[in-house]
Amino acid sequence: MARVDFIKIANFDKFVHFLLFVIFAILFYISMAAALFPGNRKYMPWLVTIIISIGYGIIIEFFQKYVPGRDPDILDVLADSLGALFGIIMVFIKKNLHENKIN
């Protein structure tokens with residue numbers, strides 16, 4: 001059976017990495033980081049989310065060298081990291097806009 005490539009966009013996999021890590025960082029912040037650091041630790045949830053997200057991307061790529069047919073790619077780590085940063089920036093902007101409306 002012939003293999004069908006549905007998406008033939010250059011570096012589309014990097015976009016997918018970016019998008020998945022945007023989602024990962026947002027969900028991690030909402031579900032874990034803010035709950036773990038309540039109170040006056042204003043920047044700790046943001047920092048923890050970025051460190052965990054980037055670390056997770058690095059670990060995934062590291063272990064790919066042990067999976068047959070997969071190779072680690074530093075550009076995937078870069079896409080993951082940029083996606084995590086973009087996601088946390090989106091949360092930061094949304095949170096600040098919401099707080100400014102309240103005040």
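Values computed for the structure shown
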read-out: Pairs, first more than 12 Å from Ser81 (Cα to Cα) in segment 1-28, second surrounded by 14 or more Cβ atoms within 10 Å (Cβ to Cβ) and at pLDDT 95 or above, C-beta under 6 Å, six or more apart; value: Ile26/Gly87
read-out: Subset tally (residues that are surrounded by 14 or more Cβ atoms within 10 Å (Cβ to Cβ) and in contact (Cβ under 8 Å) with a residue 24 or more places away in the chain) for segment 63-77; value: 1
read-out: Evaluation of Ala35 against (1) loosely packed, with under 13 Cβ neighbours inside 10 Å; (2) at pLDDT 95 or above (one fails), failing number; value: (2)
read-out: Pairs with Cβ under 6 Å, 6+ apart, first in segment 40-54 and among the aliphatic types (A, V, I, L, M), second modelled with pLDDT under 85 and not in a helix (DSSP H, G or I); value: Met44/Phe37
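The values are calculated or read from the model by the stated rules, or taken from the named source; none is laboratory data. Being a predicted model, the structure only gives us computed values, none of them experimental. When we count neighbours, we look across all protein chains shown, and the Cβ atoms used for this are built from the backbone with ideal geometry, even at glycine.
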